[in-house]
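Remarks on the structure that follows.
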Amino acid sequence: MSGEEPEERLREYEEGMARTRRLVVEDIDKLWIEYDKHNDILYINFGTEEADESVMIDDDVIVRMREGRLVGIVVNNFSRRAGIDIL
């Protein structure tokens, strides 16, 4: 591993965070939530548009965007992150 890799990853993370600071939800009425119990993934969607960009904003949390609009949030390892047991 090169000594620049952690710095590059940090820069990419900071750039991604800057792009997500002012996201817009176009129509909250199109909100739908889905949970994949088998893979422990929570999907929060704001319509059916496909994302043109995805940014990991935290361990296991991905923000999906299209042209500056928030189209979805994906939370991996949801039960662990939420501190709940899902039976």
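The values are calculated or read from the model by the stated rules, or taken from the named source; none is laboratory data. Small disclaimer: the values here were computed from a predicted structure and weren't measured. Cβ sites come from the backbone with ideal geometry, for glycine too, and all protein chains shown count toward neighbours.
Below are the figures for this structure:
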item: Filtered residues of segment 55-72 (kept if assigned to a strand (DSSP E or B) and either crowded, with 17+ Cβ neighbours inside 10 Å or over 9 Å from the mean Cα position of the chain (by Cα) (or both)); result: Val55, Ile62, Val63, Arg64, Met65, Arg66, Arg69, Leu70, Val71, Gly72
item: Segment 1-54, subset part of a strand (DSSP E or B) and aliphatic (A, V, I, L, M), residue modelled with the lowest pLDDT; result: Val24
item: Inter-residue pairs, beta-carbon under 8 Å, first more than 25 Å from Asp29 (Cβ to Cβ) and in segment 71-87, second surrounded by fewer than 15 Cβ atoms within 10 Å (Cβ to Cβ) and aliphatic (A, V, I, L, M), 6+ apart; result: Ser79/Ile86
